[in-house]
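The structure is given below, and queries will be raised subsequently.
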Amino acid sequence: MYYFVVNKISGNGKGLKVWKKVEKLLQEKQVNYQVRFTERPKHAVEIVKEFSSKACNAVVAVGGDGTIHDVANGLIHSNIPLGIIPAGSGNDLARALDIPMDYKRALERILRGKKRKMDVGKIGEEYCMTVTGIGFDGKVAEINNTAKYKDLLNLVRLGDLSYGLSVLHALFQYRPVRIQLKIDGEVQSFSNVWFIAIANTPNYGGGIKICPDACYDDGLFDICIVHSVTKWELLRTFPKAYKGKHVSHPSVTMIKGKQVEIIAEPPIIVQSDGEILTKTPVNVTIQKEALLIM
Ligand SMILES: Nc1ncnc2c1ncn2[C@@H]1O[C@H](COP(=O)(O)OP(=O)(O)OP(=O)(O)O)[C@@H](O)[C@H]1O
C-alpha cells in the first residue's frame, strides 16, 4: 500500500493539479493507494501517525518543502520510506536528492522502490531536512510566507522569483547582530552577522546554493556565516549564491560540524525548510541516517 499526503494549496494550487494526474496514473497502473489531504499547517504530521506501518511501501508527500517537512517529521525513525512528488514553489529537497520535477518520473522512481538513508537536523523536537537559516534569511522566510506576490508569481510560473523579491524586502528591515557560535564544542564570536545557514543539503529559497558542498548523507552540516558586509555589498554578492560562488567572498565563513549552538543579541528568527520555527538561542544537531527516502 502507498499512502499519499497531498497539500492541495502547495505551489499555489499545483499540489491539487499534480495529484489529479498522479491519481490517474496510479489507477492505470493498478497500484494500491490511500490519499489524505492536509487541512492546515502541521496536519501532515498527525495524518502520517495514523497510517498503519504494516504493508506500507511508502508515504508519499505531494507538495513543497513545507509539506515534506511535516510528513518527514511524522516518519522519522519509523523505517517507513518517504516518497516525494514535487509540487511546491521552491522544491529544494527534491532538487538536492535529484528527484525529478516531472510527476511521472518522480512516481516511477517511487514505484521502483529503491531506498536510501538521509541525515536530518534536529532542533528541539523538530526535524529539518534541508537548511536551517538564522537571522536575515529567517526574516526573508517570514516575509516570503505571507507575501502576496508569491501567489501571483506562482500563477505565472515564476515562483522561484518570489524568494528573490522577499530578499530585497528584508534587506531594508533587518539589522545585523552579534552572535556567539559553538560548533562541536568550539566557541567563536562574530559581529555584524547577517545570517547563518546550517545546511544538510545545498539549496534553499528555490535554488540558492548557500552551502554548495553540503551532502545529505555525510553526517555533517555545512555552515555558512555571512558577516561584516554592507547592505549593498550583500546585494551585489547575492546573485553569485545561485551558483554557490559567494563562498570565496571575504565576509563569508564556511565551517563543517555536527552540533551547532547559537546565541544572538538581540534574539533572531530561526527558520527550517522554509518554515519559521523559533528564535535564538538554538541548538541544532545532526541525526545520522534518521530518514529513509525513495
Ligand atoms: N490546507 C492547508 N491550508 C493552509 N496551509 C496548509 C494546508 N496544508 C498544508 N499547509 C501548509 O502550507 C505551507 C506551504 O506548503 P509547501 O511548503 O508544501 O508549499 P510551497 O510553500 O508552495 O512550496 P516550497 O516550500 O517548496 O516553496 C506549509 O507550511 C504547510 O504546512
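In the list 149, 127, 174, 163, which residue meets the criterion of being on the phi < 0 side of the Ramachandran plot, more than 20 Å from the chain's Cα centre (by Cα), crowded, with 20+ Cβ neighbours inside 10 Å and of a type in the set (Phe, Trp, Tyr)?
Testing whether each residue is on the phi < 0 side of the Ramachandran plot, more than 20 Å from the chain's Cα centre (by Cα), crowded, with 20+ Cβ neighbours inside 10 Å and of a type in the set (Phe, Trp, Tyr) leaves just 174.
While we're looking at this one, here's another question. Residues in the stretch 240-271 that are touching a His at 6+ places or on another chain (Cβ under 7 Å) and of a type in the set (Gly, Ala, Ser): how many?
Count: 1.
Go through the stretch 268-292 and give me each residue that's more than 16 Å from the ligand (Cβ to nearest atom) and either without any contact (Cβ under 8 Å) to a residue 12 or more places away in the chain or outside any loop (DSSP other than H, G, I, E, B) (or both).
Answer for the stretch 268-292, where residues must be more than 16 Å from the ligand (Cβ to nearest atom) and either without any contact (Cβ under 8 Å) to a residue 12 or more places away in the chain or outside any loop (DSSP other than H, G, I, E, B) (or both): 279, 282, 283, 284, 285, 286, 287, 288, 289, 290, 291, 292.
Out of curiosity, is residue 102 touching an Asp or Glu at 6+ places or on another chain (Cβ under 6 Å) and over 18 Å from residue 40 (Cβ atoms)?
Answer is no for this residue.
Of all residues in the stretch 235-255 being in contact with a strand residue (DSSP E or B) (Cβ under 6 Å, 6 or more places away or on another chain) and of a type outside the set (Ser, Thr, Tyr), which is farthest from residue 210 (Cα to Cα)?
255
Which of the residues that make up the stretch 45-58 are crowded, with 16+ Cβ neighbours inside 10 Å and more than 17 Å from residue 77 (Cβ to Cβ)? Steps first, please.
First pass over the stretch 45-58, keeping only residues crowded, with 16+ Cβ neighbours inside 10 Å: 45, 47-48, 51, 56-58.
Within the stretch 45-58, 47, 57 meet the criteria.
Considering only the stretch 3-104, give the strands (runs of 3 or more DSSP E) lying wholly within it that have at least 3 residues that are within 13 Å of the ligand (Cβ to nearest atom).
Here the list reads 58-63, 82-86.
Can you name the number of the only condition in (1) of a type in the set (Asp, Glu); (2) at positive phi; (3) crowded, with 22+ Cβ neighbours inside 10 Å that residue 222 fails?
Checking residue 222 against (1) of a type in the set (Asp, Glu); (2) at positive phi; (3) crowded, with 22+ Cβ neighbours inside 10 Å, the one that fails is (2).
Counting only residues that are over 21 Å from residue 69 (Cα atoms), open to solvent by 50 Å² or more (accessible area, probe 1.4 Å) and in contact with a helix residue (DSSP H, G or I) (Cβ under 9 Å, 6 or more places away or on another chain), how many does the stretch 1-39 have?
The total comes to 4.
Taking the residues in the stretch 134-162 that are part of a helix (DSSP H, G or I) and small (Gly, Ala, Ser) as candidates, determine which candidate is farthest from the ligand (Cβ to nearest atom).
Residue satisfying both the conditions and the ranking: 138.
The values are calculated or read from the model by the stated rules, or taken from the named source; none is laboratory data. Keep in mind that what you see is a predicted model, and the values were worked out from it rather than measured. Virtual Cβ from ideal backbone geometry, glycine too; neighbours counted across all protein chains shown. These area figures cover heavy atoms from the full protein model, side chains too; ligands, DNA and RNA do not enter into them. Shrake-Rupley method; radii C 1.70, N 1.55, O 1.52, S 1.80 Å.
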